[in-house]
Amino acid sequence: MESESDVILADVNHYRVNELQAADRTLEQIVRFYLEKAKKQNMITPLKTEKPSANIIGIFTLGFHNQHDCRELKRLLNDLGIDVNEVIPEGGSVTNLKNLPKAWFNIVPYREVGLMTAVYLEKEFQMPYVSITPMGVVDTAAFIREIAKILTVHNSNYMFNKDESFFENYIDQQTRFVSQAAWFSRSIDCQNLTGKKAVVFGDATHAACMTKILSREMGITVVCSGTYCKHDADWFREQVMGFCDQILITDDHTQVGDIIAKMEPAAIFGTQMERHVGKRLDIPCGVISAPVHIQNFPLGYRPFLGYEGTNQIADLVYNSFSLGMEDHLLQIFGGHDTKQVISKSLSSESDLNWAPDALAELNRVPGFVRGKVKRNTEKYAIEQKIKIISAEVMFAAKEAVGA
């Protein structure tokens, strides 16, 4: 067989790396191949763009909210007076890869894919890159300040009429008037979430950012934060250290499910796998990372990055927690809470049976703590090797946990 197309053999061992590592390496390989080819043909110009410009690296069609995030990044850069030179790989073309070195700097919004490409461009073309993910009010400000630092260095060679005060004023205006998250975190509604327990799990980028947002910006206690990106474990630990009680590095979703069942958080923030666990345990879950189901590709504008992203995250967090008064009101005025309790816990696979008097007693427990009472009772029954749970067993379990 003959082909006039360029052929690149993917330099990845599929038995040793996951798909994110493979994508990161392959993207770098493609960029390296076409830039070296253009260099040999003297098609790479050493000149930068006249106006400040950036490449956005690592945006994918099927990435988690990637297209929304890319649109928000473009809006943010436009506000700062920075052009977008190239976006790869989404919407990119191999014929345009030779234009990558024209940009003043590169942006890598997600660590999972694009970091190797940015490191290569920095080494070969002395292009600085920003790898801070602008997720949450604090990290978005840090992202903008990093860009300002890079542009200050370039300012000696290029005409750029914005100083440090311009960027600080922009951060202040956006934080106070565009992002509602800063105001929400000071409201009585957010203060009701203070001390609530949450478990976070996902890719390294989203899980680390979400952990810091929950702990630092909303006062929520993250009892466990974890990632399935075992290859980036050191960076992840460094990022979430001090923002959570426990760190979990695993690609076994059953282990994550066991941790959630043991911790009994008020809410989960994870992938679609954690959402399935949450449904079985009757714990609400907000999806913040791939892998995701089709329903997590929203038709509306739902970025996670930038200042508009802070509003989306605040909504996601607040709507993921069950509000105690809601359950009480449903009980008072009648609603879904009138039917018999159905088990959704992980212990549903056991041989336990609930006696009618125990079910009647369980129905009297307020809805927002009923799942916890049910799981504690079943745990006690299993430890005591009791097959049928009666009201007496419920009371004994209550005494055993010191309630």
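The values are calculated or read from the model by the stated rules, or taken from the named source; none is laboratory data. If you're wondering where the values come from, they're calculated on a predicted model, not measured in any experiment. Neighbour counts run over all protein chains shown; Cβ positions are idealised from the backbone, glycine included.
Worth a mention:
- Taking the criterion of being polar (S, T, N, Q) and either buried (at least 20 other Cβ atoms within 10 Å of the Cβ) or not assigned by TED's automatic domain parsing to the domain that holds A142 (or both), the only residue of the stretch 74-98 that qualifies is N85.
Yes/no matrix, rows are residues, columns are (1) at pLDDT 90 or above; (2) in the same structural domain as M394 (by TED's automatic domain parsing); (3) farther than 30 Å from I59 by Cβ; (4) among the basic types (K, R):
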site: G309; (1), (2), (3), (4): yes, no, no, no
site: L330; (1), (2), (3), (4): no, no, yes, no
site: V341; (1), (2), (3), (4): no, yes, yes, no
site: E349; (1), (2), (3), (4): no, yes, yes, no
site: K372; (1), (2), (3), (4): no, yes, yes, yes
site: R375; (1), (2), (3), (4): no, yes, yes, yes
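- Residue in the stretch 50-73 that is surrounded by the most Cβ atoms within 10 Å (Cβ to Cβ), counting only those that are charged (D, E, K, R) and within 20 Å of the chain's Cα centre (by Cα): D69
- When residues in the stretch 110-132 are screened for being touching a helix residue (DSSP H, G or I) at 6+ places or on another chain (Cβ under 6 Å) and buried (at least 24 other Cβ atoms within 10 Å of the Cβ), 4 of them pass.
- Restricting attention to the stretch 157-208, the residues that are part of a helix (DSSP H, G or I) and under 30 Å from H231 (Cβ atoms) add up to 5.
A quick yes/no check of all residues on (1) at pLDDT 95 or above; (2) of a type in the set (D, E):
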| residue | (1), (2) |
| --- | --- |
| A182 | no, no |
| G195 | no, no |
| L214 | yes, no |
| E217 | no, yes |
| G226 | yes, no |
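- The residues of the stretch 119-145 that are part of a helix (DSSP H, G or I) and either farther than 19 Å from A314 by Cβ or among the charged types (D, E, K, R) (or both), listed by number, are V119, Y120, L121, E122, K123, E124, F125, D139, I144, R145.
- Sub-8 Å Cβ pairs linking a first residue in the stretch 292-312 that is within 17 Å of G270 (Cα to Cα) and touching a residue at least 12 places away in the same chain (Cβ under 8 Å) to a second residue that is surrounded by fewer than 19 Cβ atoms within 10 Å (Cβ to Cβ) and of a type outside the set (A, V, I, L, M, F, W, C), at least 6 apart or interchain, are V292/Q272; H293/Q272; N296/Q272; P303/R71, ordered by first then second residue.
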